[in-house]
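For reference, the structure discussed in these notes is given below.
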Amino acid sequence: MRRRTPTAGLALALYAAVTATLTTTAASAAPAPVSAAPALVAAAPDISVTNVQAHLTQLNTIATNNGGTRRAGSAGYTASVSYVKAKLQAAGYTVTEQYCSACTYPSNNLIAEWPQGPADQVVMFGAHLDSVSAGPGINDNGSGSATLLENALVLAQQNPSMTKRVRFAWWTDEEQGLNGSEFYVNSLSATQKSYLKGYYNFDMVGSTNGGYFINRITSTTAAPLKAYWDSLNLQPEENVEGQGRSDDYSFQQAGIPTSGYAAGASARKTSAQATKWGGTANVAYDSCYHRSCDTTSNISATVLNRSADGVAYAIWQLAVGGGTPTNDFSVAVSPTSGSVARGGSTTATVSTATTSGSAQTVSLSATGAPSGVTVSFSPSSVTSGGSATMTVSATATATTGTFTITVTGAGSVTRSAAYTLTVTGAGGCTGGQLIGNSSFESGSAPWTASSGVITSSSSQAARTGSYKAWLDGYGSSHTDTLSQSVSIPAGCSSYTLSFWLHIDTAETTTSIAYDKLTVQVGSTTLATYSNLDKASGYTQRSFNLAAYAGQTVTLKWTGVEDASLQTSFVIDDVTLQVG
């Protein structure tokens, strides 16, 4: 947990307030029993505290082998990430490392997602993995990190059906100011943040003189954590000491519901707390807080066990369904919005994913389209995990405005996604020929061309009139270009680019393309011609540009000639006819 030093007055006030509140209940409180979890949590697995301690032993060894610390950015931290990551990958998690460039010690967050449950319903559990420079950080915060790791491994081993998706995170650079978690939260889009239904933080959950504290204890988010500790008669309290000092604060600031467990840091246990929880009054919850003695001997197995089992209970309550995993899938549309002019069309991609059970056939449909708008899918059904192209088409009389289209996938269950469509009155087919100065008889505008390309030279005849565009023909290394920008209207039924091309060459080969002419729309190549395409007269070349309806594009011809033997590419009568 990040250190915070309050003023003396504030520290005394907090101590007095907590003491006064607890004293009134101390007389009737009894020490908490050390019983196993009651029937309330029979469905949740028992997390082996021995396994959690084994992870702590590994983290302690890593620190010992790396200068006694696992500080963010250090070799000890990198080795800690590698240890946790290897365990998660072997268990089948989707694991990513996120480089925190804004951290005091730039290093990686580790994110692991169990790939079951709906992707837009996520419950997140996090703990910081770094220590301070002064010690190995086994309670702070190997305890939270190891607790989450073992819970993640048990979830994978049991592989239950999921009602929500579970994501685990191990944060870097918490001790320098919550930097890793803040960096992660800031990297999320508004949509990604909306998927997070709760974030649970676990920071110092094995303190030797520990208490039982819950972040935002009265919140709905905290309910499953509190329910488990209530079932053990622990009478948990609000985590006053940890407010704003650990990674839940980064999520709280972003409006994401938060809670979590803590067992206490450098604050002192009150007499009332010692009466109900055991331990020593007027002694710090963790006497080795941020010190070199924060080793595996600085852990209460009882507190650690209750924390680990409480996490499991929360996971099962929040995200696990009963019985055999059912076949389920998700549906998403990308982009999530689009615009179409009357007479035009637009496309989006509908993606599906298997979220539990086995893949299944998903039939696609759409509702909510206004009058004059049709929505089609190609293909109309997919196997979950596949995708389809959605085409939205508007007639010339379609109702204008903004509408929500609901895209539905139907299989053993029904899932849907929203697509926002804007229909505009602009567009419709303004037919005609769009190329300016198509025969080059009116000078160079609106063409852009290399020097000498637009010419009336008698050495190469124009197809019509006197002018044409003559690219290359020098017999030496040379490049010529010819281009024009054109706005292509939406809503037409045909879009035909045509031009007449004459290729004259001195090359004698019948197999090698030494000199080339490339025809492009934007960055897309429509065709390439060469000295091998020579002909005695002009040949008309035509292309369908319907894919560029509603766009402004640049048509470009590029002629490239090698070091010897000329090839002339002569272009005339360029048209783009729409109708």
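Can you tell which of T61, T94, T78, T69 is under 17 Å from H128 (Cα atoms) and surrounded by fewer than 18 Cβ atoms within 10 Å (Cβ to Cβ)?
Numbers: T61 fails: under 17 Å from H128 (Cα atoms); T94 fails: under 17 Å from H128 (Cα atoms); T69 fails: surrounded by fewer than 18 Cβ atoms within 10 Å (Cβ to Cβ).
That would be T78, the only listed residue that is under 17 Å from H128 (Cα atoms) and surrounded by fewer than 18 Cβ atoms within 10 Å (Cβ to Cβ).
The numbered conditions (1) open to solvent by less than 40 Å² (accessible area, probe 1.4 Å); (2) assigned to a loop (DSSP other than H, G, I, E, B); (3) under 26 Å from V122 (Cβ atoms) are all true for Y419 except (2).
Here S378 qualifies as under 26 Å from A546 (Cβ atoms), under 35 Å from the mean Cα position of the chain (by Cα) and open to solvent by 70 Å² or more (accessible area, probe 1.4 Å). The residue of segment 455-500 that is farthest from F440 (Cα to Cα), among those that are among the aliphatic types (A, V, I, L, M) and touching an Asp or Glu at 6+ places or on another chain (Cβ under 8 Å), is L471.
Does I405 satisfy being touching a strand residue (DSSP E or B) at 6+ places or on another chain (Cβ under 6 Å), among the aliphatic types (A, V, I, L, M) and in a loop (DSSP other than H, G, I, E, B)?
Values: touching a strand residue (DSSP E or B) at 6+ places or on another chain (Cβ under 6 Å): yes; among the aliphatic types (A, V, I, L, M): yes; in a loop (DSSP other than H, G, I, E, B): no.
Judged against the criteria, I405 is not a match.
Being under 22 Å from the mean Cα position of the chain (by Cα) and more than 24 Å from K197 (Cα to Cα) holds for only one residue in P115, P136, P106, and it is P106.
For the residues G343, G338, the requirement of being farther than 30 Å from A134 by Cα and surrounded by 21 or more Cβ atoms within 10 Å (Cβ to Cβ) singles out G343. Residues in segment 358-394 that are more than 20 Å from T420 (Cβ to Cβ), in a loop (DSSP other than H, G, I, E, B) and touching a residue at least 24 places away in the same chain (Cβ under 8 Å): S358, A359, Q360, G385.
Note on segment 39-154: enclosed strands (runs of 3 or more DSSP E) holding 1 or more residues that are free of Cβ contacts under 8 Å to residues at least 24 places away in the same chain and aliphatic (A, V, I, L, M) are 94-100. If the condition is being touching a strand residue (DSSP E or B) at 6+ places or on another chain (Cβ under 9 Å), more than 21 Å from L565 (Cβ to Cβ) and outside any strand (DSSP E or B), then segment 462-505 contributes A462, R463, T464, G465, Y467, I488, P489, A490, G491, C492, S493, S494.
The values are calculated or read from the model by the stated rules, or taken from the named source; none is laboratory data. Every value quoted in this text rests on a predicted model; they were computed, and no experiment measured them. Heads up, the Cβs are rebuilt from the backbone with ideal geometry, glycines too, and the neighbour counts pull from every protein chain shown. The area values use the complete protein model at the heavy-atom level, side chains included, leaving out ligands, DNA and RNA. Shrake-Rupley method; radii C 1.70, N 1.55, O 1.52, S 1.80 Å.
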